[in-house]
Every structure is written in C-alpha cells, then in structure tokens.
1. Could you work out what % of the accessible surface of the stretch 81-162 is carbon and sulfur, using a 1.4 angstrom probe and leaving DNA, RNA and ligands out of the count?
2. With +1 on each Lys and Arg Cβ and -1 on each Asp and Glu Cβ, how big is the dipole of the stretch 1-120 about its Cα centre, in debye rounded to the nearest 20?
3. Modelling each spin label as a point 7 Å along the Cα-to-Cβ direction, I'd like the R150/S17 distance in nm, to one decimal.
4. Using a simple spin-label model with points 7 Å from Cα along the Cα→Cβ vector, what separation in nm is obtained for R92 and E30?
5. Mind checking the dipole of the stretch 84-162: about its Cα centre, +1 per Lys or Arg Cβ, -1 per Asp or Glu Cβ, Debye to the nearest 20?
6. Please state, as a whole number in µm²/s, the translational diffusion coefficient that the Stokes-Einstein equation yields for the stretch 7-162 at 20 °C and 1.002 mPa s, with Rh defined as the Kirkwood radius across alpha carbon pairs.
7. In deg cm²/dmol, rounded to 500, what helix-only [θ] at 222 nm does the chain give when every DSSP H run of at least 4 residues adds -39500 (n - 2.57) and the total is split over its residues?
8. If you take the charge dipole of the stretch 20-162 about its Cα centre, with +1 on Lys and Arg Cβ and -1 on Asp and Glu Cβ, which of S107, G52, I89 is farthest toward its positive end?
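The values are calculated or read from the model by the stated rules, or taken from the named source; none is laboratory data. Keep in mind it's a predicted model, so treat the numbers as computed, not measured. Using ideal geometry, Cβ is built from the backbone for each residue, glycine included, and neighbour counts are taken over all protein chains shown. All accessible areas refer to the heavy atoms of the entire protein, side chains included, with ligands and DNA or RNA removed. Shrake-Rupley method; radii C 1.70, N 1.55, O 1.52, S 1.80 Å.
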Amino acid sequence: MPVSLKPLPSLSPTERSAVMRLSLTPEQVEFAGTIERAVATCESLPAHEVSGLAVLNDDEVVGFLVLKRGTSAPAWVDPSDAVISALRIDLRHQGRGFGTHALQSVSQWLSAAWPETRFVVLSVDEENHAARTAYGKAGFIDLGVREEGRIGWVRYLRKPLV
C-alpha cells in the first residue's frame, strides 16, 4: 500500500477539492485543527519554510499533512529540523495504515526537497493513542520530554533522516 505525497501548489483542482473535503473526527480537529486552517497556513507562510502535502493512495486523496521549519516552526524545533505540525487521515481511510505510510514517506520527501534537514520531529498529545501508535510504527522515538500543552500533556518525538 504505497502512498505518495504531493505538494499543495501542484494539486489539480479535483485533488485540492478532495483535500478540503477530508472527513475528520472531532478529536482530529481538536488535536490538529481544521483542514481549512492548515491550507491557509500553507498559503500564508513562506514556501521554503512551510509545505502542505496531500497524502495519496494511488490517485485518491486520503489525507493531508503540514511540514514547517525555520522561523515558521515552533520555538522548540531545532533550526536544522522539520516538524510535522499536523497529519490528518480521512475518517473513511483510518485504520488502514495510510498515516504510518505517509509518515514513512515524509523522510524521502524531506531528503529531496529540504536536504539539509537532520531530523523530522513532532509533538503529540499524550491522549492521542492512535497517533502515537502510528508514529511509533513509522520509526519516531519518544524523546522522554513531557510538557503540559493547550489540551493536556504533550510528548515530543523525532526520527533521523537517513
């Protein structure tokens, strides 16, 4: 089940529409925000620091994620790293491994598009068990740092790019 990642500016009108129509659970919106906000973020910040990527299975959009670096990344992110600020998989496609495969594909995308990146990092709400499981399967390591976030406790994870 290979997935591909396609940058927001290169999406066809049909693909862009599919991104905007992704079905999310209330928990996904609570943890990661709305698709509309994610797309607006990608369009308002510098392209060399922010990239929105549609997650495609064959030609079907099944999800969307946002990568940030530099001044667009949160303060806890090292300047040589990129952060996944949100990953959303459509409700109809959850539990089928698309999130894990998208996370694995991020490394190749970063190596090609932002080759100076050393690590891909992220924060995850401790109560978001599905996301934590997917991140572990994709090779992310918990850094052992636990802080209180806007919703609850947050953990920080990273994965080296090889």
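1. The nonpolar share, carbon plus sulfur, comes to 51 percent.
2. Here the stretch 1-120 has a charge dipole of around 40 debye.
3. Going by the 7 Å Cα→Cβ label model, 3.1 nm.
4. If labels sit at R92 and E30, their model points lie 2.5 nm apart.
5. The calculation lands at about 240 debye.
6. Using the Kirkwood radius from Cα pairs, D works out to 137 µm²/s.
7. That calculation yields -9000 deg cm²/dmol at 222 nm.
8. Of the listed residues, the answer is S107.
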